[in-house]
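Worksheet: the structure to be examined is printed underneath.
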Amino acid sequence: MNKEELSINGKILHTPFGKEDVYGALNMPIYQSAAFEFNTAEEMEAAFKGQVADHTYSRITNPTVQYFESRVQSITDALSVTAVNSGMAAITNAIITLARTGSNIVTSQHLFGNTYSFFATTLASFGVEVRFCDLKNPVEVESNIDKNTCGVFLEIITNPQLEVADLKAISAVTGQHGVPLVADTTVIPFCGFSAKDFGVNIEIVSSTKYISGGATSLGGLIIDYGNFDWTGSSKLNPLVKEFGPGAFTAKLRKEILRNLGAYMTPQVAYLQTLGLETLTVRYERATSTCLQLAKRLEKLSQVESVNYTGLPTNAFYELSCAQFGERPGAMFTFDLVSREACFSFMNKLSLVRRATNLFDNKTLAIHPASTIFGTFSPEVRKAMNVSDKTIRISVGLEDVEDLYRDFEQAIG
Ligand SMILES: *Cc1c(COP(=O)(O)O)cnc(C)c1O
């Protein structure tokens, strides 16, 4: 059977190992070793020069991590996949590969809290300008792009605002201006969304979320689709002659990743490889429960509003269906009358856990304004559209009736 023609589950489960395992192990073993030895000085030289694909040191490559990367590559059909030790490491490594002092990044204020802080504080201190605009408006995106723009960065569904960017419209703008589109797709895994089909050039995933298989570990992925011409990038242009569309990956793997030292560890790669095996069944169940809960909570009088882009009443419903299908992820938010009502709800929960994180197997609730966004000033929170009245739910694998009963009693 031709493995290329398999559907996603077949590809995940049956991606071959790079080398046959000497014991015939069915799961890729954990190669828990910092370094790898060579028979001769010549073989060692060839490995260090990258002339052969042998492993030298686990900050650079490791067999277990590489196998995890190859599974992701087979399901995304990417040019390259790089696994790192958190979603933030994926974002920082990817952006540092693109940006230099004097360049700018066009993005939105509606970002994951640490991403916002990385852009607004860390990058700014190195002379990289961050231009916040309304990514729902492709004209505004276009007017912020200039010759120093090294990338447009977005989240496919913002969190916790749950805004959806029109990816075809934005990738048309970035394509026209020769600027790479970098998308954080953490909230919809590969089985629900294909970034490549919507013109994304570099995809970022926090694999801590869906892929880890129930919050087992932190991880991040940088996926390069090889669909961008880097000639116009002042930073990557010198690599184009040798690496062509692989210039970004070459810079990332040969310089940035090595120097920043955030490669994924083999134990984590093992856990996340197993997590991938159950990704589609978990996603189907959690998103089906999520939609049912969102619909039922909409009917409760104490709930001011429910925000889930899979609800036909949602302003982004059609765009969301076109990009992510009818069940856009397993996260939704709802508003109660006040901050006090939210705290009372949180405190009364008896099954649902009070915790940050997304897409654990357990359902989690959080009050974003007082936690994830708690250190931002009220003005910044307002600009980020993070309301005091909002609760965010990440739906897990419990039975929908058990969850609904807990919500009902905690709201009442
Ligand atoms: C969690 C998250 C991140 C950061 O990932 P970590 O693995 O926690 O570093 C980035 N973006 C989004 C959308 C996230 O949900």
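Assorted remarks:
- The relative contact order of segment 140-200, computed from alpha carbon pairs under 8 Å that lie at least 6 residues apart in sequence, is 39 percent.
- FRET efficiency for E304 and K147, using Cβ-Cβ distance with R0 set to 51 Å, rounded to 0.05: 0.65
- Label point distance in nm, R339-E45, each placed 7 Å from Cα along Cα→Cβ: 6.7 nm
- Tensor-based shape of segment 1-118 (alpha-carbon gyration tensor, a/c under 1.5 rounded, otherwise prolate or oblate): oblate
- Placing dummy labels 7 Å off each Cα toward the beta-carbon, the span from E242 to V22 is 3.4 nm.
- Relative contact order for the chain: 16 percent, from Cα pairs under 8 Å spaced at least 6 residues apart, divided by residue count.
- The Cα atoms of segment 280-411 define a convex hull whose projected area, averaged across directions, is 7.9 nm².
- Antiparallel content of DSSP bridges confined to the chain, in %, to 5: 60 percent
- Environment charge at T97 (Cβ cut-off 9 Å; Lys +1, Arg +1, Asp -1, Glu -1): +1
- Once the gyration tensor of the Cα atoms in the chain is diagonalised, the equivalent ellipsoid follows with semi-axes of 36, 27, 19 Å, ordered largest first.
- FRET efficiency for K3 and T371, using Cβ-Cβ distance with R0 set to 35 Å, rounded to 0.05: 0.20
- Take each peptide in 330-339, 180-189, 35-44, count the other Cβ atoms within 10 Å of every residue, and average; sorted highest first, the result is 180-189, 330-339, 35-44.
- Förster-model FRET efficiency, 41 Å R0, A124 and R353, C-beta, rounded to 0.05: 0.70
- Each residue of segment 241-251 is assigned a 3J(HN,Hα), and the resulting list reads 4, 7, 10, x, x, x, 4, 4, 4, 4, 4 Hz, derived from the Karplus form 6.51 cos²θ - 1.76 cosθ + 1.60 (θ = phi - 60°), x at Gly and Pro.
- Derived scalar couplings ³J(HN,Hα) [segment 144-153; Karplus, 6.51 cos²θ - 1.76 cosθ + 1.60; whole Hz; x for Gly, Pro]: 8, 7, 9, 5, 9, 6, 9, x, 9, 10
- Debye, to nearest 20: dipole size of the chain, +1 on Lys, Arg Cβ, -1 on Asp, Glu Cβ: 620 debye
- Of all DSSP beta bridges confined to segment 280-411, the antiparallel ones make up roughly 85%.
- Residue-by-residue Karplus 3J(HN,Hα) for segment 26-32, coefficients 6.51, -1.76, 1.60, Hz, glycine and proline x: 7, 9, 4, x, 8, 7, 8
- CD proxy at 222 nm, helix term only [per DSSP H run n ≥ 4: -39500 (n - 2.57); per residue of the chain; nearest 500]: -10000 deg cm²/dmol
- For the pair K382 and Q409, the difference between a 0.36 nm per residue extended length and the Cα-Cα distance amounts to 6.7 nm.
- Between Q292 and T101, the modelled label-to-label distance comes to 5.8 nm, taking each label 7 Å out from Cα in the direction of the beta carbon.
- Theoretical gain in end-to-end length, D229 to E255 [0.36 nm per residue, Cα-Cα removed]: 7.4 nm
- Plainly put, segment 9-61 has a radius of gyration that is 1.04 times its Kirkwood radius, both from alpha-carbon atoms, as the Rg/Rh ratio.
- Relative contact order [Cα under 8 Å, 6+ residues apart], segment 280-411, whole percent: 28 percent
- Most to least packed among 401-410, 154-163 [average Cβ atoms within 10 Å]: 154-163, 401-410
- Between G151 and V106, the built amide H atoms are under 5 Å apart, and every one of these is 5 or more places off in sequence or on another chain.
- Rolling a 1.4 Å probe across the protein heavy atoms gives the chain an accessible surface of 44 Å² per residue.
The values are calculated or read from the model by the stated rules, or taken from the named source; none is laboratory data. The shown structure was predicted, so the numbers you read here are calculated from the model rather than taken from an experiment. Quick reminder, even Gly has a Cβ in these numbers, built from the backbone with ideal geometry, and neighbours come from all protein chains shown. Accessible surface areas use protein heavy atoms only, side chains included; no ligands, DNA or RNA. Shrake-Rupley method; radii C 1.70, N 1.55, O 1.52, S 1.80 Å.
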